[in-house]
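Readers should treat all values here as calculations from the given coordinates under stated rules, not as data from a laboratory. Because the structure is predicted, anything quoted here is derived from the model rather than measured. Positions of Cβ are generated from backbone atoms using ideal geometry, with glycine treated the same way; all protein chains shown enter the neighbour counts.
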Protein chains: 2
Amino acid sequence: MNPLDPVFKPKSIAIVGASRDPKAIGHQCVINLLQSGYEGKIYPVNPKADEIEGLKCYHSILDIPDEVDLALIVVPAKYVPAVTEQCGQKGVKGLVIIASGFSEVGREDLEKEVVEIARKYGMRILGPNVVGIMSNPLKMNASFGPYLPYPGKATLISQSGALLIAMDARTWSDKVGISHMISIGNMADLNFGDLIEYFNEDEETAVISLYVEGVKNGRKFLEVCKKSKKPIIALKAGVSQRGAAAAASHTGSLAGSVKIYDAAFKQGHVVKAENLDALFDETMALALQPPMEGENLLIITNGGGVGVLATDAAEKYGIPLKDAPEDLKDLMRKHMPEFGSPKNPVDLTGMADRDWYEGSIRDALKHPWVHGVVVLYCETSFTDPQNIVEGIYKAIQDSGVNKPVTVSLVGGEKSVKAGEWLIEHGVPYYKSPSAAVRAMAALREYGRFKEEKIHEFKPYEVDKQKVSEIIEKVKADGRKALTEPEAKEVFAAYGLPVPKGKLAKSADEAVQIANEIGFPVVMKIVSPQIIHKSDAGGVKVNLNSEEDVRKAFEEIVSNAKKYDPDAHIHGVYVQEMAPWGTETIIGSINDMQFGPTVMFGLGGIFVEILKDVTFRIAPITAEEAKGMIQEIKGYKVLTGARGEKPKDVDAIADAMSRLSQLVWDFRDHIKEVDANPVIVYEKGLSVVDARIILK
Amino acid sequence: MNPLDPVFKPKSIAIVGASRDPKAIGHQCVINLLQSGYEGKIYPVNPKADEIEGLKCYHSILDIPDEVDLALIVVPAKYVPAVTEQCGQKGVKGLVIIASGFSEVGREDLEKEVVEIARKYGMRILGPNVVGIMSNPLKMNASFGPYLPYPGKATLISQSGALLIAMDARTWSDKVGISHMISIGNMADLNFGDLIEYFNEDEETAVISLYVEGVKNGRKFLEVCKKSKKPIIALKAGVSQRGAAAAASHTGSLAGSVKIYDAAFKQGHVVKAENLDALFDETMALALQPPMEGENLLIITNGGGVGVLATDAAEKYGIPLKDAPEDLKDLMRKHMPEFGSPKNPVDLTGMADRDWYEGSIRDALKHPWVHGVVVLYCETSFTDPQNIVEGIYKAIQDSGVNKPVTVSLVGGEKSVKAGEWLIEHGVPYYKSPSAAVRAMAALREYGRFKEEKIHEFKPYEVDKQKVSEIIEKVKADGRKALTEPEAKEVFAAYGLPVPKGKLAKSADEAVQIANEIGFPVVMKIVSPQIIHKSDAGGVKVNLNSEEDVRKAFEEIVSNAKKYDPDAHIHGVYVQEMAPWGTETIIGSINDMQFGPTVMFGLGGIFVEILKDVTFRIAPITAEEAKGMIQEIKGYKVLTGARGEKPKDVDAIADAMSRLSQLVWDFRDHIKEVDANPVIVYEKGLSVVDARIILK
C-alpha cells in the first residue's frame, strides 16, 4: 500500500467543521461527498450538531468510533493546530486542509506549526488553502467544488483553487476527460513532486496535467518527472515579469525565473502548454492518443485554405511538414479527384466525402513513413459532419496501427456535435486547425522525450579538497566573493582551462612572473573590495616588456588606492594573455527551488542585448551541455559563420559539465559563478575572467 | 451610386447555369436566393428548362425582359467566355463567376479572355472560382454556401472558398456577427483593394475581416487600407515556407514574402490575426467595441490564477499591465474583502458576487487613467454566471463612457450561455483569459493605428536626370548590374553619403587619385563580370603610401585576370577608407505585388545569423524609417550598448528615406539595391559598398 493512499483513496472521511448552514463550505463538502456517490464512510464533525444531512455528526473527531483515513479540515485557520493535534491523536492518516489564512496571507508561522504537529503523528497534509480532491474512479468529491469533472484519464493538479473550480466546469463543456482533480494549495507538506510520484502509479491516470505558479522542492519535482512513465504537461503561470509578481502576491509562492523553469521542464520531460486552451487541448490529446514516434506528420484536408493554415501552424509548433514519399502520394491519389493534391498537405478537395476521408486516412496510417495524421474538415453543404467523423473513426480502427490522430472540424453546431462524438470515441477534436496541429505537436514532444536517452551524470576526477580549502579560507576571511586568482584556482581544480597566472606582490615579482609565463601578459588588481576592476583602472592588457609590466604594476596599485583608499590590496594578478577567439559566457545561479543551475550564452551583444542564454539544472553531462549550446539563437557563430573556422563546441560542453559538477558539489556554499568571458578557439578554450560568490 | 453597387447590392440577379438537378450548384444558388429572403428579382437561365423552383427560366440571358444587375455564372469554365459576351450584350453590370477551372488550374489564358470581354462591356467580375456573395442586410445568399451567416457588422472576405463555407457555419456557433461574407477567388478583376474600398463606404459594415493568401495590386491594397475609416483585420495564410508553397499550389496565388506582408499590414494599419481563432475573436471585438485609446489596461478578476495568466498574456500581446494609480486602487478596495488585491490585476477574490463586479467595473471605466478593461470570471458554486454578466453589462451602461471591455468566463455550460448573452448585448466574450486579452490587444493595435499620424512622403531634391543617364548607359551596355562606381554615383545623386572615390585606369592614375583623396585608401576591382570582388582578390584596404597603391593596382588587376580571363576590366576604384563604426545594411527588393520596398538591418551576425531585418513599402518618410530602425532586435547596438556612444540614427533614417525615393522613382528599372555595409558614426554615415541590379 502506498502511504498516500489514505489521502487520495480514503476508505473513510471526516469533515471537521461540517456545518448545517447550506451556504457554508463545511456544509458543501458533506453534500458533495454524498451526492458524488462516494462509497466510503463519511463522518461530519461539529461540536454543536448531532446530525447533518441525515448523517450522524460527532462533536469531536475523537468521538468517531471507527478508523478515519482522511480528514477534511474546514475550521477557521486559528483552530487548525488544535484540530490537527486531535486528528493525530485519533490516528487519522491524511489531512486536506481546506481552511485558508496561512502562508498565502503571511502566516507562515501558523502553517509551520500545523505541519510540525502532523509530522509528529506521521500525517500527510494536502494544503492548506485548497478546494479539495475530486476522484472519478472513487466517485468522490471531497471538495467544495460543485461536481465531479467529466470522466476520463487525466489527473489535473492546480495551484489555483478558483481556476480548479472553473476548469471543473469547463471539462464538461470541452469534454476533457478527468480522472482526478486536485487542488494543491500552499504545499505545506505534499507538493507537485509527491503528487506526480503518486499518480504515476495510479492505474486510472494516463496523463498528469499541471497548473503551476511555483514548485516547492524543485529537485524532487525534477527527479519524479524524469522517471515518469506517463506524460506530464504543465501550464506555467507567471512567465512575464508582472505575472510572476502577481503570482507571488496572491499565493505567496515564488514564481521563479522563467528560464530556469524552462530548463527544469525540458530536463524533466514535461510538455509545456502555452496557455489555458492549450492545457486543455493537449491534455486531451495526451490522454487519448499515443505519442508521435517520428517527425513525419501528414495533413489530410478537404480545404486548401485550412491546409495552408495548418501547414503554418506545423512550422510554428515545431513539427514542419515534409514531402511525402511517392508511393504514399500514389495511395492518396486514389481518394481524390484529378485536381486534388496528393502532396503534404493532402488536399482531397471540397468534393471529399466520407469514403475519401476514410480511405486516405486508413492508407496514410498504414504507411510506414507516416508517424501521425492531422485531419481537417471544412463543413460543406453536401456532407454531414457526423458521417465524416464516423469515417475517420473507422479508418483508425481499420488501420490496425497505433499512431496518433488529431482532428479539426471547422464549421457550426453540426461539426461541434460530430466532434464531441469523436472525443467520446477516443479521437481528440478541435475547432481550429492550429489547435489540432498544436495538440499533435504535444504528442510529438512527448514522443521526443521518450526517445531521448537518460543522461547519467558521471563525476569527473577533480580536486575537491583544494576547493574546500579555498572556500574555507574565504569564509574565514569573512568574505563572500573569491578573488580572481582564487576563482581561477577553483576552476583549475575542476579541470577547467584557465590561462597561466600568478599573484605578484611587487613590481619585481610581476616582472619575474611575466618572464616565467612569457609575453604578452595581462595584469589585474586583486582586492576583495574592488569588484569592477576596469572601472578602478585596475586592468592593463597586452603588456609586452619588463618595463611595461613594471609600469603597469605601479599604475594599477596607485589607481586602486585612488579608487578606494580603504581597499585591501592582495596584489596584482599577472596572467598569460589569451589570444583572440569567440567570446562565450558560462555561469551558474543557485536557484531557491531547483538548486544549482548552469547557464550558457555567447558574449557581448548576444547576452547584453539579445538575452540569448540558456539554463539547465546541475549537474549535467557534456552531452546535455552540447544540447544547450545548440539551442541558443547565435549557435551558428560557433559553427563557422562569416567565413570563420568552427569553434571547439566539445571543449565548451566539457567545461560546462565540469562547472555543473563544481556547483553541485558545493551547492551549500556557492551562490553564483560567472566565467565571463570564456574565449573559445578552434581547439580548446580559456576561462579568461571568473567570479565566484558564496552564499 | 457606387459602380460596384450592382455587384454587391444588386436589384436583380440572373443565375446563368441554373439547374433543375437538386445536387447541382446551379440549383443550390437558386434555392439559396429564394430561401434567404432576397427581395430583388431572380432570373434562372438554362437553355433546356422553362421553370426552376417555381421561377420562370430563360433560355438565354438575352431573353430576360428586364434589366439585370448581376449574373451568377455557374456554367463549366469553357462556356464562360460565350456567356460573358452575352451578359455584356444584355447590359449586365456585374458577374460573379462561381465556375472554376481558370488560373487556379493553369488556365490563365481563359481567365484573361473572360476579363477582356467583360472590360469591353464595362462589367466588373468577382472571381472566377468563388462561392459567391452573402449579405445579411439584403437577406441575399447569392452563393452555394448553405445559409446566411450570423447577423452582425463584420464584412468577411475570404480567398478560400471551402474556408468561407466552414466559417459561415462557425459564425453561428461562435456568435460572430457578419454583415457580408464574400468569396474573392482568383481576383481576375475585383481584388482585396477594390472590396475594402467599397465596404469602407458600406453603412452595414463596422469592420473588414480578411483571409488572405496573396493580394493582387499590392499598391492599391496598401492605399485603400491606409485610408480606411474602419478597422481592417487580416489572417495571412502561408507565412511558413511550406505554407506559402501549399497556398501557391492550391490557388495559383503567390503568397509572397512574409516580411513584406508584415510591412504592408503595418503601413496599411491592418491588424494581424495570428490564426483562425484569433481572426474570429478579434473580428468580434473590433465589430462590437471601440478602440483602446491609450496603454492603460486594467484586469478585474475573481481568481488569482486566471489573473496571472491574463497578465502573462498582456505582456505577450503587447499591452503589458502597469501599476494602477492610488486613487483607482482606493476605488477598487470598496468592492473586495480585505484580503483582495486592488493592484493590477484587481483580484476581487473568489467571494466576488455580481455587486462587486458591477461596482469595480463601473468605477474602473469611469476613472480617467483606465483605457480598457478585461474582466475575468471563474465559475464558482455560489454565483450564477448569468447574474455576473448582467452586472458587467450594467456597469458598462452606467459608466457612461466609451471604453473597450472584453470578458472571459472560465467555466462550463452556464458560463457559455451567459457569454452568449453578453455577445448579444454587444460585449465580446471568450472562453479563455488569454483570448480576452488578445482581443483587447487588437483593439489597442487599432487604437495605436488611429493615433499614428499619416506620413506624407515629400520628395527630396535630387539629381534624377543623372540617375536616368547612368541607367540608360548600363542598359545600352547590355548589363543588368551597375558597377560599384556607377552605384555610388546613383547614391550620391540622391544625396546618400558615399566615400570620396574615383576610377583609376592605371597605377599612376591610382596614385594621383589617392593623393587627391588623402591616405589611407581602399582599392577595388571594377568589372561587370566580377561580382564577388573579395573572392577574386580584387579588394585591398588600408593602403597608406603611393608605393602601396601602385603595388595594389598591379596585384588587383593581375588577380582579376587570373580569376576570370574573359572579364572586362573597367579599372580599379580608389576610395577614401571609411573609419571604423557600426555596420548596417540598407537595401531594396522590387516586390511583385507591392513594388519597391526598403529594408534595414544591422550588419554581420545580425543579418547573417539572426535574420534581424525589417521592411517597408517605398517610399517612406525619414520618420517612418526611424520606426523601422527602432523595431529591430539589435536596436540597442545603435543607442550605445557596451559603453559606446549612440550612433546617428537620424542619418540612417534620412539615407533610408532617400533610398526609398530612388527605388520608387526608378521602380520600372531597379530590381534590387544593396548598400552593405553602411558604416554609421556618432555623426553621419558612409555607404561603403553598394550594388544596384536592374530588372
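What the table shows:
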| read-out | value |
| --- | --- |
| Average beta carbon contacts from partner chains per residue of B:605-613, 10 Å cutoff | 4 |
| Cβ charges +1 (Lys, Arg) and -1 (Asp, Glu), total dipole of region B:564-693, debye | 420 debye |
| For region B:204-213, 3J(HN,Hα) per residue [Karplus equation, 6.51 cos²θ - 1.76 cosθ + 1.60, θ = phi - 60°, Hz, x = Gly/Pro] | 8, 10, 9, 8, 10, 10, 10, 9, 10, 9 |
| Distant-in-sequence amide H partners of B:ALA14 (H built 1.01 Å from N, under 5 Å) | B:TYR43, B:LEU70, B:ALA71, B:LEU72 |
| Rg followed by Dmax, in Å, when region A:298-451 is reduced to its Cα trace | 13.9, 44 |
| Charge context of A:GLU682, other residues only, Cβ under 10 angstrom, K/R +1, D/E -1 | +1 |
| The protein assembly as shown shape via C-alpha gyration tensor axes, a/c threshold 1.5 | oblate |
| For region A:172-184, 3J(HN,Hα) per residue [Karplus equation, 6.51 cos²θ - 1.76 cosθ + 1.60, θ = phi - 60°, Hz, x = Gly/Pro] | 6, 6, 8, 6, 8, x, 10, 8, 10, 10, 10, 8, 9 |
| Neighbour-count ranking [beta-carbon atoms within 10 angstrom, fewest first] of A:THR171, B:THR311 | A:THR171, B:THR311 |
| Distant-in-sequence amide H partners of B:ILE178 (H built 1.01 Å from N, under 5 Å) | B:TYR150, B:GLY152, B:LYS153, B:ALA154 |
| Helix-only [θ]222 nm of chain A, DSSP H runs n ≥ 4, -39500 (n - 2.57) each, per residue, nearest 500 | -12000 deg cm²/dmol |
| Prolate/oblate/rounded label for region A:107-156 (Cα gyration tensor, a/c 1.5) | prolate |
| Residue-wise HN-Hα coupling along region A:280-296, computed from phi with Karplus coefficients 6.51, -1.76, 1.60 (Hz; x: Gly, Pro) | 5, 4, 7, 4, 4, 4, 5, 6, 9, 10, x, x, 8, 9, x, 8, 8 |
| Calculated label separations, A:PHE382, copies of the chain, 7 Å along the beta-carbon direction, nm | 5.9 |
| Computed magnitude of the charge dipole of region A:451-523 (debye, nearest 20; Cβ of K, R +1, Cβ of D, E -1) | 200 debye |
| Ranked list, fewest to most other Cβ atoms within 10 Å of each Cβ, for A:HIS269, A:HIS335 | A:HIS269, A:HIS335 |
| Per-copy distances of the A:GLN89 label point, shortest first, in nm (7 angstrom along Cα→Cβ) | 10.7 |
| Label distances, nm, A:LYS473 versus same residue in remaining copies, Cβ-directed 7 Å point | 7.4 |
| Residues whose placed amide H lies under 5 Å from that of A:ASP591, excluding near-sequence neighbours | A:THR597 |
| Shielding by partners - mean other protein chain Cβ count within 10 Å, residues of A:310-322 | 5 |
| Neighbour net charge for B:MET167 - beta-carbon separation under 12 angstrom, K R +1, D E -1 | -2 |
| Sites matching GluC sites (Glu not before Pro) across region B:525-556 that sit in DSSP coil, with at most 12 neighbouring C-beta atoms within 10 Å | none |
| Neighbourhood net charge (14 Å Cβ-Cβ; Lys/Arg +1, Asp/Glu -1) for A:GLY305 | -4 |
| Prolate/oblate/rounded call for region A:489-580, Cα gyration tensor, a/c under 1.5 rounded | oblate |
| Averaged over B:635-641, number of beta-carbon atoms from partner chains that fall within 10 Å | 2 |
| Footprinting exposure proxy for A:LYS41, A:LYS645 (fewest neighbouring C-beta atoms within 10 Å first) | A:LYS645, A:LYS41 |
| Electrostatic dipole magnitude of region A:86-170 [Cβ: Lys, Arg +1; Asp, Glu -1; Cα centre; debye, to 20] | 440 debye |
| For region B:48-90, with +1 on Lys and Arg beta carbons and -1 on Asp and Glu, the positive-most of B:LEU72, B:LEU55, B:THR84 along the dipole | B:THR84 |
